[in-house]
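First the structure, in the form of structure tokens, and then the observations on it.
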Amino acid sequence: MGAALALVTAYLLGSVPFAYLVARARGVNIFAVGTGNPGAANVFRMVSKPLGVLVFLLDMGKGLGAVGLGRAWGLGEGWLIALGAMAILGHGYSCFLGFRGGTGLATAIGAGIGISPLPGVLALLSAVGVALPLLRSTGHAAGLGIGLFLLLSLLLGRGWFTTLGPVVLFALVLAQSRLAPRLARR
């Protein structure tokens, strides 16, 4: 019963539409501007840079919070990955937005940090501090960040779950970003 409740809670946590709420507070319909994606990058570009950073941190907190909930309830590593996945799915298919949402990249980053903190934080700092300014693409920076995460996890001798779990979450984000536009066209 506890694991099922944790999964539902993680989905609901992921469903909180911070980008939509922050943009709406500024009088902007985030679905109608830029990419139409209710995520941190669209808020960053179309509303304001500081608010985009705030949304990124809040969305990251959803993934981190979902995994933290699992840790607090004493759930195993497999459950932590499942909770991160539920937060990402909540972000992408928010019950508060008519099952619309963003890709969940920031939420996946937060979940990855929750699952494997040291490699996660080091990869995030490298991606945001080095790759993003050079590449000017969140997607490319994220790709380099996950590659660095894998390398660091292997070098630090992390277990398979804590190494591959975050990679699976990023694969979910990639799949969701490819699937969501197709579903929206129907």
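The values are calculated or read from the model by the stated rules, or taken from the named source; none is laboratory data. Every value quoted in this text rests on a predicted model; they were computed, and no experiment measured them. Don't worry about glycine lacking a Cβ; one is built from the backbone with ideal geometry, like all the others, and counts go over all protein chains shown.
Confirm whether Thr107 is of a type outside the set (D, E, K, R), touching a residue at least 24 places away in the same chain (Cβ under 8 Å), in contact with a His (Cβ under 9 Å, 6 or more places away or on another chain) and closer than 16 Å to Leu64 by Cβ. Can you show your working first?
Details: of a type outside the set (D, E, K, R): yes; touching a residue at least 24 places away in the same chain (Cβ under 8 Å): yes; in contact with a His (Cβ under 9 Å, 6 or more places away or on another chain): yes; closer than 16 Å to Leu64 by Cβ: yes.
So Thr107 fits the description; yes.
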Practice task
Those residues that are free of Cβ contacts under 8 Å to residues at least 24 places away in the same chain and either among the basic types (Lys, Arg) or in contact with a Lys or Arg (Cβ under 6 Å, 6 or more places away or on another chain) (or both), I need them from the stretch 22-49; list them, please.
Solution key: Arg24, Gly34, Arg45, Lys49
Exercise for the section: Quick one: count up the residues across the stretch 86-144 that are of a type outside the set (A, V, I, L, M, F, W, C), buried (at least 17 other Cβ atoms within 10 Å of the Cβ) and farther than 16 Å from Met60 by Cβ. Expected result: 3
Completion exercise
Log entry, pairs with first residue in the stretch 129-146 being among the polar types (S, T, N, Q) and at pLDDT 70 or above, second being in a helix (DSSP H, G or I) and surrounded by 14 or more Cβ atoms within 10 Å (Cβ to Cβ), beta carbons closer than 7 Å, six or more apart or on different chains, reads Thr138/Ala41; Thr138/Leu105; Thr138/Leu132
Practice task
Taking Thr103 as meeting all but one of (1) in a helix (DSSP H, G or I); (2) within 25 Å of Leu5 (Cα to Cα); (3) hydroxyl-bearing (Ser, Thr, Tyr), write down the number of the exception.
Solution key: (1)
Handout entry: Residue, surrounded by the most Cβ atoms within 10 Å (Cβ to Cβ), within the stretch 1-57, restricted to residues that are of a type in the set (Val, Ile, Thr) and part of a helix (DSSP H, G or I)
Key = Val43
Exercise for the section: Could you please tell me which pairs satisfy a Cβ distance under 8 Å, a separation of 6+ or placement on different chains, a first residue in the stretch 162-186 that is at pLDDT below 65, and a second residue that is part of a helix (DSSP H, G or I) and not hydroxyl-bearing (Ser, Thr, Tyr)? Expected result: Ala180/Gly92
Practice task
Return yes or no: is Gly101 small (Gly, Ala, Ser), within 22 Å of Asn37 (Cα to Cα) and in contact (Cβ under 8 Å) with a residue 24 or more places away in the chain?
Solution key: yes
